[in-house]
Structures are given as structure tokens and as C-alpha cells.
Amino acid sequence: MEGTMQDFPLMVTSILDFAERWHGEQEVISREVDGETTVSNYRELARSARLTSLALRALGVRPGDCIGTMAWNTVRHMHCWYGIAGSGAVCHTLNPRLFVKDLEYIINHAQDKIIFLDAPLAAIAQQFLPNTPSVQTFIVLTSSSKMPKIEAKPGTTGRPKGVAYTHRSQFLHCMQLGTSNALSMGMHSTVLMIVPMFHANAWGHVFGAPMYGCRLVLPGPDLSGKTVCALMHEHNVTVAAGVPTVFGDLLLHLEKSGRKLPRSLTHINVGGSAMPTSMMQTYERLGIHAVHAWGMTELSPMGTMCVLKPYMQNWSEERKTAVKSKQGIPGIFTDLRIVDDKGKELPRDGKHMGELQAKGAHTTKSYLKVDKPAVDAEGWFSTGDVATIDEHGYMQITDRSKDVIKSGGEWISSIEIENMATAHPQVAEAAVVAMPHEKWGERPLLVVVAKRKGAVSKEAILEHLKGKLAKWWTPDEVVFVDELPHTATGKISKLQLRQQFKKSEAASQGRSKL
């Protein structure tokens, strides 16, 4: 028997059409790059997006063409996203924090024809323009009176790889954001979208907020603790999404200023890297649910969300915190497993560590312009993460496969050591990297940023870790630095740290031989 239901295409443009028709008056608040705040709504956003689509067609854009955007989280950037989708073209977000050479490679790989950009980023565009011949036009997101001049002048561990999303994959992905298994978003929510629109698809919030009729707050380029706190108070934010660095800065601002978070704030969505357990506990004490999430660009990006199951509500706070510190369980459209070196699935016991694999309706099967599939014969995508899955189904990332420390043939989780170290009240940030060791192969080095210079010693850190880690997991050395290097997406750059301290060690050994 054939079904009798209508064939309704799942298009991201229909999300904004829906928001315009049924939530048209819902506000979209935008802090622009010049610091001014504008207030519009989904009805106005939809009209502007349609005008953008018409303008792109008038410029000769055809379905399938790649159109770049290099901009911060503002309503103008939203016009671009939906306008590009409405024209049938492909929206290609560019991270302005990347090196110019990487931007050149990414633009040339995608063959972007037009690039929308914020006015303050024109200087970056001027640097890559001579080496990006496919770019025919720049469209600056500003008023004519503030238009910059762009003139052509001569002028990581690997090149970035592209993933092409479909309308269907994005629609299905965003359906999960508003459920009670995730962020419980809806018409009564005010969402502060801190995660940049150029990073991992803004975790789907660009589409999820209008899908659920949420009031949306866009912070622009200033993501300091002071600004984030002010936006939360001014607009009665209920949900905020961002990386741990942002939420750590917010706590430091609260500590220094004496301010409190607004009573309206109930959830923060944390991803990009694991939030230290101590930071999560601080937010919980403030009455805010810190919802851990894990994902990657290849998964659109959300793979898991961490919300407690009903039978866990009566557990002790310590036991509940242990679960909340994990990355969580997948949504309906994603499946996960962990495997050993031979590809055999490992038990869900919270003890076995293995390579994390994913498959599902919004997981990529290949990379852009790469003939080789990115999945195995059964459709499993290897994430490059090392993880455990416990008996309750909660997944926990223990490391990136390139960051895991193998000492004496056994794995040591850098993330677990970092979480323990940042639980010290005088530690602002910490990272653990592997250092070569003649006997054990590798040993952990703990790199610490203290809240105040001289506020904590190596001995105090090691004493703090005693009894919390297996003895052979305890770092051999603790090094203090003023700040840790971060990648363009806000994660700690462990590659840079490894290179830095290997050079230091080599120099030290060289001096000792003289």
C-alpha cells in the first residue's frame, strides 16, 4: 500500500517562511559591528532575505554557485544566509580568524564568486583578493557612508576540508534543537547565539531559532564577558550557546564586577570543547543548566546533547555531575559506536576507550571535491575522537586521537587531567600535551594559566591532583604560562603547545651539552 501524504520538500528557506507567517512579530535583536543595536523581526528578516536573493540573481548567480560570507553574528549576516539559500546558491562561511593563506585555499577550493563581508574585515579581503581569481564581487554589509575601499595588491597540520550540507540535512538537524532532550527551545525562549555563524554552522541555531519561533539576540564581534553579561540582562536571555572560553570569561567578569546573571537565564549550550567540571558546577550553583554538546562540521554539527534521564533525577549531586560532564546521547537522526584498532565494536561500559564513529541523516558521506568516501562500507564515519559510552548510553570524549597520550602502551586522557586541574580555585585554564619519554614513549605535561601570577605553585597543583587520578596519569611536569594559544575557533591549540615545548626541551638539552 502506498502512503497518501503530500510530498513536502524539507528546505531551510521554508523555515523562515514559517517564521514570517506564524512568528512574524518575534524580535531579532542585533548588535552591529559598529556597536549600535538594531531591532527587527522575522517578518522583516524574510523580506530582506528575499531582496538579497533577487539581488544575487540580478548579479548572475546561478543554482549551485558558491557565495562566501565573512561576517560576525548580525542580522545582516542572517539576510545573507537565507538570501543565498533562496537564490539556489551555496552559502560558504569564511572564518576571518584564519590565516590569509588558509582563506585563499578555502575560497579557491570552493570557487566562491561573490563574498559578503563586514566592513572592518575589508583589510583581510584586500590581502587574499590577488590570489582568489574566482571572486568577482565583494558585497560589504554596511551603509554607503561607511563603505571601505578594497584594492588588489601583490602579494595548520593540513588544508581544511569542505563539507556540503543539503537543505534536508539541515532541516532534520534543527528539528532536534528544541526538544526537551536538548535545549527545550520555543516561543518563550530568547536565544543568545554567541557561537559564530562561521563556525560549525552556528550549531544550527540560525535555522533552529526561527523554526521554534524563538526571540533571537545576535551579539556581533564583541564576545567579552562584560558585553555578553550586558546583552543577557538587557534582553532577558533564556538560552545562550557558546564555547567554554566565552563562559569562563563571563564568570571572571561576574567575579570582578560583582554582577549577577539575569534570572531569565536557564540554559547554556556548551560545545567546541569540554567545559571543565568545576565551571559547570559553578553555573549549576547559579541555577543555570549547562548542557554539554558534542559534534563536528561533518555531523552538521550536533552529534549529542547531555540531558539527564528521568531516573537520574534522584541521584546524588556528585553522581549527576559525573553524567552532566559527559557529552551526552545522540538525537534520533544519529547513531554512534566506539571501535578498537581492528574495527570491532567495544562494550558500552564507560571503561573501554575506542575510536568514535557516527552515521545518520545529517552526517557527511564524503568531502567536497574528494573522490574517496569518508565512510566505511556500512556508512560509519570515523570522527578522530577517542571516547567511551557508558551503560546508560552517555558518550564521553576522552581525547582527540592526535592528542591522546600513550604511555607505556596505555592511553591517558588529557581532557580528564585538564578537568581536574581547572577544578583548582586558582587555575583559570589548563592544557595537557604529550612529551616524548625515553622509557614510556610519552608522558603528560600540564600547562597552566593561573588566575593571578604566582597565585598557585607546581607543588600545590600536584597535591590537588593527588588521589583524583591514577598515579601513572599524574603529569611529570607543570609549567605556568601567561596565556594558552587558541585556534581560530576558540579551542586550545595543542599542536602549537607541543611544538613550543618540544623546541624548549630541545634548546634545554642543547644548552646542557655545552
### Task
Sort out which residues of region 213-236 are among the acidic types (Asp, Glu) and closer than 22 Å to GLN26 by Cβ, and write them in order of number.
GLU234
### Query
Is there a residue in region 466-474 that is at pLDDT 90 or above and closer than 30 Å to PRO221 by Cβ?
no
#### Entry: Filter result (among the charged types (D, E, K, R) and surrounded by 15 or more Cβ atoms within 10 Å (Cβ to Cβ)) within region 28-46
ARG31, GLU32, ARG43, GLU44
### Task
Go through region 198-220 and give me each residue that's within 19 Å of VAL39 (Cβ to Cβ) and buried (at least 24 other Cβ atoms within 10 Å of the Cβ).
HIS205, VAL206, ALA209, PRO210, CYS214, LEU216, VAL217, LEU218, PRO219
### Summary
Residues in region 252-276 that are farther than 14 Å from GLY287 by Cβ and under 20 Å from the mean Cα position of the chain (by Cα) total 8
### Task
Hey, can you tell me all the residues within region 125-137 that are surrounded by fewer than 19 Cβ atoms within 10 Å (Cβ to Cβ) and either touching a Cys at 6+ places or on another chain (Cβ under 9 Å) or part of a helix (DSSP H, G or I) (or both)?
GLN126, GLN127, PRO130, ASN131, SER134
### Test for GLY86: is it under 24 Å from GLU104 (Cα atoms), at pLDDT 95 or above and within 27 Å of the chain's Cα centre (by Cα)
no
### Query
Across region 85-105, what is the number of residues that are assigned to a helix (DSSP H, G or I) and out of contact with any helix residue (DSSP H, G or I) (no Cβ under 7 Å at 6 or more places or on another chain)?
3
### Message
Kindly evaluate LEU356 against the criterion of being surrounded by fewer than 16 Cβ atoms within 10 Å (Cβ to Cβ), farther than 30 Å from LEU251 by Cα and under 24 Å from the mean Cα position of the chain (by Cα).
### Response
no
### Filter result for the condition that a residue is closer than 21 Å to TRP72 by Cα, charged (D, E, K, R), touching a helix residue (DSSP H, G or I) at 6+ places or on another chain (Cβ under 9 Å) and modelled with pLDDT of 95 or more, over ARG43, ARG50
ARG50
### Task
Considering every residue within region 442-450, establish whether at least one is more than 28 Å from the chain's Cα centre (by Cα), not assigned by TED's automatic domain parsing to the domain that holds LEU98 and not basic (Lys, Arg).
yes
### Message
All but one of (1) over 22 Å from GLN170 (Cα atoms); (2) in contact with a His (Cβ under 7 Å, 6 or more places away or on another chain) hold for ALA110; state the number of the condition that does not hold.
### Response
(1)
### Query
Any residue in region 74-82 that is outside the structural domain of VAL370 (by TED's automatic domain parsing), part of a helix (DSSP H, G or I) and surrounded by fewer than 16 Cβ atoms within 10 Å (Cβ to Cβ)?
no
### Query
Is there a residue being crowded, with 17+ Cβ neighbours inside 10 Å, of a type in the set (S, T, N, Q), over 26 Å from THR304 (Cβ atoms) and at pLDDT 95 or above anywhere in region 221-235?
yes
### Query
In the set LEU265, LEU251, LEU299, which member is buried (at least 21 other Cβ atoms within 10 Å of the Cβ) and in contact with a helix residue (DSSP H, G or I) (Cβ under 7 Å, 6 or more places away or on another chain)?
LEU265
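This table checks each residue for (1) outside the structural domain of ALA49 (by TED's automatic domain parsing); (2) over 30 Å from THR238 (Cα atoms); (3) over 26 Å from the mean Cα position of the chain (by Cα); (4) modelled with pLDDT of 95 or more.
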| site | (1), (2), (3), (4) |
| --- | --- |
| PHE116 | no, yes, no, yes |
| ILE124 | no, yes, no, yes |
| ASN131 | no, yes, yes, yes |
| VAL163 | yes, yes, no, no |
| ASN181 | yes, no, no, no |
| LEU192 | yes, no, no, yes |
| PHE198 | yes, no, no, no |
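This table checks each residue for (1) over 23 Å from THR245 (Cα atoms); (2) modelled with pLDDT under 90; (3) loosely packed, with under 14 Cβ neighbours inside 10 Å.
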{"residue": "ALA450", "(1), (2), (3)": "no, no, no"}
{"residue": "VAL481", "(1), (2), (3)": "no, no, no"}
{"residue": "THR487", "(1), (2), (3)": "no, yes, no"}
{"residue": "ALA507", "(1), (2), (3)": "yes, yes, yes"}
{"residue": "GLY510", "(1), (2), (3)": "yes, yes, yes"}
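The values are calculated or read from the model by the stated rules, or taken from the named source; none is laboratory data. Note that the coordinates shown come from a computational prediction; the quantities given were computed from them, not determined experimentally. In this analysis, Cβ positions are derived from the backbone assuming ideal geometry, glycine residues included, and neighbour counts consider all displayed protein chains.
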